[in-house]
Amino acid sequence: MPEGDFVELMLKREALERYGLPAMAYPVPKQALFDVIGAGSDLPLPEMLFGLQQKSARDCPDWQSLELAMARLAELVAPDDGRDVISAASEEWWLEIGPVALNGPVIAIQRNDELLAALARRDDGRLRAACYRPLDAKSIGTLMALSQIPHPVHGVSMRENNWDYALDAAAGSGQFYAFERGEAYLTYWYNGLGDRGDGQLHEAWAAKRGSLPRQAAHVALEIGVSYSFSHT
């Protein structure tokens, strides 16, 4: 959605305290704001999350400053579901969300020096994702693209399964350029997060093997919000 389709919403102190949200400008789609005003409805919480996802994905050097609000909005909107493993899906893609062993082969979604998510191969070649920080729109788009439902004849873009397709994506030169731009990018760690493959460890990344994944229901909600509003 183009940046010009958003307006910034500034909340009063009472609303911030009621919802436990930080004081900041919340970008929301123009039409969503008009609908809320016209109907006298409550705050458009999903739309606020969508706006922050879009803002974070763009040229946003202070993207980490948006994370507290994004995490809180996901918490407010997500259903009360404490399951460790949840699937998120549409007609085009299917993704399992749950714990991933970071000491084994993983494809990481990274941004600057932070771990956003890690992908592991399921036994059937599909993907499981664990997420560690609120996801921007590009990261969510990457998860959906890598998790596309295989064609019965052509597989996943001519690859046998989603894992093989994700490996090819991680090896593409575009990942380096995304890193240079400060965007989310893919890295394949075939011996575990932080293992360089030459017997040496990248200490900073290896230390992230102890990262705790975010609640699966919150991650599924974030993906669903991005998918829903991107297709309206």
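The values are calculated or read from the model by the stated rules, or taken from the named source; none is laboratory data. Treat the numbers as computed from the prediction; the structure is a model and nothing was measured. Cβ placement follows ideal geometry from the backbone for every residue including glycine, while neighbour counts extend to all protein chains displayed. Just the protein is used for accessible areas: all its heavy atoms, side chains included, with ligands, DNA and RNA removed. Shrake-Rupley method; radii C 1.70, N 1.55, O 1.52, S 1.80 Å.
Under 7 Å between Cβ atoms, at least 6 apart or on separate chains: pull out the pairs that start in the range 101-114 with a residue that is touching a residue at least 24 places away in the same chain (Cβ under 8 Å) and end on any residue that is acidic (D, E) and open to solvent by 10 Å² or more (accessible area, probe 1.4 Å).
R111/E183
Taking the condition at negative phi, open to solvent by less than 30 Å² (accessible area, probe 1.4 Å) and without any contact (Cβ under 8 Å) to a residue 60 or more places away in the chain, does W205 pass?
Considered against the rule, which asks whether it is at negative phi, open to solvent by less than 30 Å² (accessible area, probe 1.4 Å) and without any contact (Cβ under 8 Å) to a residue 60 or more places away in the chain, W205 comes out as no.
From D136, D80, grab the single residue that is charged (D, E, K, R) and farther than 23 Å from T187 by Cβ.
Details: D136 fails: farther than 23 Å from T187 by Cβ.
After applying the criteria, what remains is D80.
Pairs under 6 Å by beta carbon, first residue in contact (Cβ under 8 Å) with a residue 40 or more places away in the chain in the range 220-232, partner among the β-branched types (V, I, T), six or more apart or different chains?
A220/I86; A220/I97; L221/V77; I223/I140; S226/I140
Which residue pairs have Cβ atoms closer than 7 Å, lie 6 or more positions apart in sequence or on different chains, and pair a first residue in the range 1-17 that is more than 15 Å from R58 (Cα to Cα) and aliphatic (A, V, I, L, M) with a second residue that is open to solvent by less than 40 Å² (accessible area, probe 1.4 Å) and at pLDDT below 90?
From the range 1-17, the pairs are V7/L33; L9/L33.
Any chance the range 161-171 includes a residue that's surrounded by fewer than 18 Cβ atoms within 10 Å (Cβ to Cβ) and among the charged types (D, E, K, R)?
Checked against the condition, which is being surrounded by fewer than 18 Cβ atoms within 10 Å (Cβ to Cβ) and among the charged types (D, E, K, R), the range 161-171 yields at least one hit.
Pick from the range 25-82 the residues that are assigned to a loop (DSSP other than H, G, I, E, B) and under 24 Å from Q110 (Cβ atoms): which of them is modelled with the highest pLDDT?
Looking only at the range 25-82, we keep the residues that are assigned to a loop (DSSP other than H, G, I, E, B), and these are 40-44, 58-62, 78-82.
Right, trim to under 24 Å from Q110 (Cβ atoms) and you get 58-62.
Working: R58: 82, D59: 77, C60: 84, P61: 88, D62: 93.
That would be D62.
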